[in-house]
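Here is the structure we will look at, set down as structure tokens.
The values are calculated or read from the model by the stated rules, or taken from the named source; none is laboratory data. On a predicted model such as this, the values are computed, not experimentally measured, just so you know. Methodologically, a virtual Cβ is constructed for each residue, glycine included, from the backbone with ideal geometry; neighbour enumeration extends over all protein chains shown.
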């Protein structure tokens, strides 16, 4: 059950860099979600962890041991593919047992004919049969064991793929968008099943998805990627409440965070056509242009005249130009800063109140 | 129309085979007289070593098929899955061999085989046939393997499957329909091959059936009924081979492995 360490991991295909300088430390037994839009390099990252593609530069460590050159099977991982990747010519039983048979593979089984005999013998071994039966029971596949993948539905195939990954008791589980081919109902059901499985086995999970709902509900830690570069890493709450940059703010949350261009003024920020929203302790000099971010659910209507809002400043990360403010609790601000769709339901005169701390964030433009 | 065009020689062969010689040139009825049977047994008793020729043809065809498939599976897998410098060139050269007509190759091959002592033997014939038909098989196998999803192979690697076992136990069964189709093409090509066989083999008892068949055509007399009866015998093993293999030519074997 290793901790994962990425130290400046990069991957290039020819001259195009897909992952650049990926550095992260994932403690043991985390449910890590690699999140990002399509083509951001998250599947490539997962394949590098699995050892299916080479790492161009940098080191990948499992519990402090460098694994860059190890073959996939030497890394003791399980991989669930987006497209399931079942062996179509084998029955469900043989599919699930395949990793176990491979554990017993010896060189002389290369000889044609020997393999078939060996396979039949190994399938009958009590140890193999018991493991397959056990996992089939958990995944509710027992009645389907003698069928072939093509006769199964999408959800059943997904469960076979999971069962095949689980049967060998690996130390890291890698899942590549395993739910993206399922319908909405099955997806939420499988989401629960995977979460339960995570609780039960207590191993490190790395889960790739572009679906922020999956990321927010299942992950204990999220790494958000865009263009092969880490945008932010942290717990779901951190990423939701304190996005490190405008990309994260827009990507996470539905509806996306409102981003409003403002200008820093004395004692707050000036919202165009709406006056000054008080934010105390502004870390950026007055007169600079910044972006104000506010979550829709943090905005509430307030009685007319309640506009004495206060805010506290917060600097988000080490890098200097990144600045943000969180508002103080009970903060009020003029209504003109509400998103357009809210504004239509209020009168011009009624102000809007932001209800919780850290609801309002601003960033240097 | 195409079926008629393709089927007419078969009809002609059968019709000629069952018609007595004296009636052949007097204008035959369009509908064959099915009460007569081809004089197949006459062929065997007519003093020519037809069985020997058929055996030679079988040996050549089976060996060519086996050898070219063996090479084609390895080459096709390599071309399909490994990225190496000159991959495109190798593919092109394989195609380029098909641009040259057999007749053009026969002189240099003859010289080469003469030097190697491979003339007048079935081994040389098998090698020549294999060299000529293998590129087609490589392309068939390569495109079949191209269509197998990458993930299946990756899954096998994660499961701890060595490369060669992946080829043998995963890729091979999944491309079986195309390999069977390639086998039919290879077999028929080698079975029907005439030019190499007639040039390289001198001994009468080492002839293949196609050469033997043509030897019936004499300078002054051609026993048409016998020739066509022999031709029927000649087609039977090929048909049997096809029937044996064709049940493997079913599509949709990869169905169900990936998203459906």
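Structural remarks
- Residues of region A:87-112 satisfying the condition of being crowded, with 17+ Cβ neighbours inside 10 Å and modelled with pLDDT under 80: A:109
- Restricting attention to region A:108-122, the residues that are within 11 Å of chain B (Cβ to nearest Cβ) and either under 22 Å from residue A:166 (Cβ atoms) or in contact with a strand residue (DSSP E or B) (Cβ under 9 Å, 6 or more places away or on another chain) (or both) add up to 1.
- Qualifying residue in region B:240-252 (condition: at pLDDT below 80, out of contact with any strand residue (DSSP E or B) (no Cβ under 9 Å at 6 or more places or on another chain), farther than 28 Å from residue B:101 by Cα and crowded, with 22+ Cβ neighbours inside 10 Å): no
- Test for residue A:125: is it in contact (Cβ under 8 Å) with a residue 12 or more places away in the chain and either facing another protein chain (nearest Cβ under 10 Å) or at negative phi (or both): no
- Residues that are out of contact with any helix residue (DSSP H, G or I) (no Cβ under 9 Å at 6 or more places or on another chain) and free of Cβ contacts under 8 Å to residues at least 60 places away in the same chain within region A:45-55 comprise just one, A:48.
- Among the residues making up region A:113-140, those that are in contact with a helix residue (DSSP H, G or I) (Cβ under 6 Å, 6 or more places away or on another chain) and at pLDDT 85 or above are A:128, A:132, A:135, A:136.
- Residue B:125 vs. criteria within 14 Å of chain A (Cβ to nearest Cβ) and either touching a residue at least 40 places away in the same chain (Cβ under 8 Å) or not in a helix (DSSP H, G or I) (or both): no
- Residue in region B:180-192 that is touching a strand residue (DSSP E or B) at 6+ places or on another chain (Cβ under 8 Å) and either away from chain A (no Cβ under 14 Å) or in a helix (DSSP H, G or I) (or both) present: no
- Among the candidates A:193, A:214, residue that is touching a helix residue (DSSP H, G or I) at 6+ places or on another chain (Cβ under 9 Å), more than 14 Å from chain B (Cβ to nearest Cβ), under 17 Å from residue A:82 (Cα atoms) and surrounded by 21 or more Cβ atoms within 10 Å (Cβ to Cβ): A:214
- Residue A:236 vs. criteria closer than 18 Å to residue A:42 by Cβ and surrounded by fewer than 20 Cβ atoms within 10 Å (Cβ to Cβ): yes
- Residues in region A:136-154 that are away from chain B (no Cβ under 14 Å) and surrounded by 15 or more Cβ atoms within 10 Å (Cβ to Cβ): A:136, A:138, A:139, A:141, A:145.
- Here residue A:174 qualifies as crowded, with 19+ Cβ neighbours inside 10 Å, in contact with a helix residue (DSSP H, G or I) (Cβ under 7 Å, 6 or more places away or on another chain) and within 14 Å of another protein chain (Cβ to nearest Cβ).
- Pairing residues of region A:79-97 that are more than 10 Å from chain B (Cβ to nearest Cβ) and without any contact (Cβ under 8 Å) to a residue 24 or more places away in the chain with residues that are assigned to a loop (DSSP other than H, G, I, E, B) and surrounded by 24 or more Cβ atoms within 10 Å (Cβ to Cβ), at Cβ distances under 7 Å and at least 6 apart in sequence or on separate chains, gives no pairs at all.
- Any hit, region B:146-168, residues being in contact (Cβ under 8 Å) with a residue 12 or more places away in the chain and away from chain A (no Cβ under 14 Å): yes
- Conditions (1) at pLDDT 85 or above; (2) in a strand (DSSP E or B): number failed by residue A:300: (1)
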